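None of the figures in this text is laboratory data; all of them are computed from the coordinates on show. This one's a predicted model, so the numbers in the text were calculated from it and none came from an experiment. Positions of Cβ are generated from backbone atoms using ideal geometry, with glycine treated the same way; all protein chains shown enter the neighbour counts.
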Amino acid sequence: MDVDSIREPVPPLLALVPRLRRLARALACDAGAADALVLKTLERALADEEKSWARLVRQLCDCWSAQPDRRRTPRTAVDAAMDALPAGQRGAVALVLVGGLRYAEAAERLGIDIAVLADRLARGRRALAERLAA
Amino acid sequence: VKTVGEQTLFAFADGELGPLRRDEVEQALAEDPELRARLERDRRLRAFLSAHYDAVADEPVPPRLEALVLGGGASRSGRRRRVLVQAAAGLAAAFVIAWIVAGAL
């Protein structure tokens, strides 16, 4: 037994997986690609001592940023609309509108300036509204 | 009343404005039905996105992911560590046997 298993987090990592899959889906636009992203994120999280939601989001963003446009087949209207966005806009929309992150947090996770985040978020939002006729 | 730009309206919807600018937007909203309609369109978009992604969160966790988490990292690095530990244990056992055998001779 190593030290990691004694410091079992509350709530356990498993309880955070549905929320992680939700956010990953917004970034990846496809169920299979999203779960591949979640798998990679969880592998990192398990090797990490800290297992908080904030840390998971950071790891998810890192995994996604390394390969933001991996092959995918969107099957729903929302997935297709998100898929049509440039990766930068999709990241901003996913983190703020789906993940509920503050602008400052989202900008930090994506490694961009907050003004750039606000710009990409606005463009992404406009494009989604037009596409989904919401 | 100042005109409210797109980014400002979104920042208002996202709760990102400070109290002064928030008051300005609220005042503009009270006086401008077109602005209210824009805000309402954005609210609908957010609700639509939420509903779509909430459905993903409600799905059962795929067994592959559940097994990974419950296995506490049966990941590549975890397996590699276990193989190393087993190899070290095997080597230690071989030394002990060799020592006993050497002692018996």
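Ranked by the mean number of other Cβ atoms within 10 Å of their residues, highest first, the peptides B:52-59, A:33-40, A:69-76 come out as A:33-40, B:52-59, A:69-76.
Each residue of segment A:99-111 was assigned a 3J(HN,Hα) from its phi angle through the Karplus curve 6.51 cos²θ - 1.76 cosθ + 1.60 (θ = phi - 60°); the sequence is x, x, 6, 5, 4, 4, 5, 4, 4, 5, 4, 8, x Hz, with glycine and proline shown as x. Between residue B:36 and residue A:19, take the C-beta separation as r, use R0 = 25 Å, and let me know the FRET efficiency to the nearest 0.05. So the FRET efficiency works out to roughly 0.20. Segment B:1-75 and segment A:11-63 have Cα centres lying 20 Å from one another. For the segment A:99-106, counting C-beta atoms of other chains within 10 Å of every residue's C-beta and taking the mean gives 2.
Rounded to the nearest 500, what is chain A's calculated 222 nm mean residue ellipticity when only DSSP H runs of at least 4 contribute -39500 (n - 2.57) each, over all residues? Kindly include the intermediate steps, with their values, before the conclusion.
Numbers: 8 runs with 92 residues, N = 134.
The per-residue figure over chain A is -21000 deg cm²/dmol.
Here, chain A has an Rg and a Dmax of 15.3, 55 Å when only alpha carbons are counted.
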